[in-house]
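Working notes, beginning with the structure itself.
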Amino acid sequence: MIKHYDIQVFGRVQGVWFRKYTEQTAQALKLTGWVRNEAEGSVRISVEGLEEQLEKFMKWCHEGSPEAEVDGVLIQLSSAVGWKDFRIMDSDS
């Protein structure tokens, strides 16, 4: 069963390749959705897939890219959208 999560990651997560590593991790886990920088400095992720892969992905979100310093992660279960791939979106401005 496909599940969908909206995730917001806080800390030093912009300017440290967080979005690129997020994209690579999601694609490796065969997840779909998107990632983008938010104006206030966090990173927002909309992701869906199978529960086992999502659990691995959410665990990764607490670590982030090698240069990131994750201070907190908000995770909210949401309704599936039906994304076809995973991509980096333009920043929210």
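The values are calculated or read from the model by the stated rules, or taken from the named source; none is laboratory data. Given the structure is predicted, the values throughout are model-derived calculations rather than measurements. Note: ideal-geometry Cβ built from the backbone for every residue, glycine included; neighbour counts use all protein chains shown.
Quick grid of which residues meet (1) modelled with pLDDT of 95 or more; (2) touching a His at 6+ places or on another chain (Cβ under 8 Å); (3) charged (D, E, K, R):
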{"residue": "Trp17", "(1), (2), (3)": "yes, no, no"}
{"residue": "Arg36", "(1), (2), (3)": "yes, no, yes"}
{"residue": "Val47", "(1), (2), (3)": "yes, yes, no"}
{"residue": "Gln53", "(1), (2), (3)": "yes, no, no"}
{"residue": "Trp60", "(1), (2), (3)": "yes, no, no"}
Go through (1) in contact (Cβ under 8 Å) with a residue 60 or more places away in the chain; (2) under 15 Å from Leu74 (Cα atoms) one by one and return the number of the condition Glu38 breaks.
(1)
Give the stretch 68-83 a look and list any residue that's at pLDDT below 95 and in contact with a helix residue (DSSP H, G or I) (Cβ under 6 Å, 6 or more places away or on another chain), or say none.
none
Residues located in the stretch 1-22, provided they are surrounded by fewer than 20 Cβ atoms within 10 Å (Cβ to Cβ) and farther than 20 Å from Leu77 by Cβ
Gly11, Arg12, Gln14, Gly15, Val16, Trp17, Lys20, Tyr21
Which residues, taken from the stretch 36-48, are out of contact with any Phe, Trp or Tyr (no Cβ under 8 Å at 6 or more places or on another chain) and either within 14 Å of Trp83 (Cα to Cα) or crowded, with 16+ Cβ neighbours inside 10 Å (or both)?
Arg36, Asn37, Glu38, Arg44
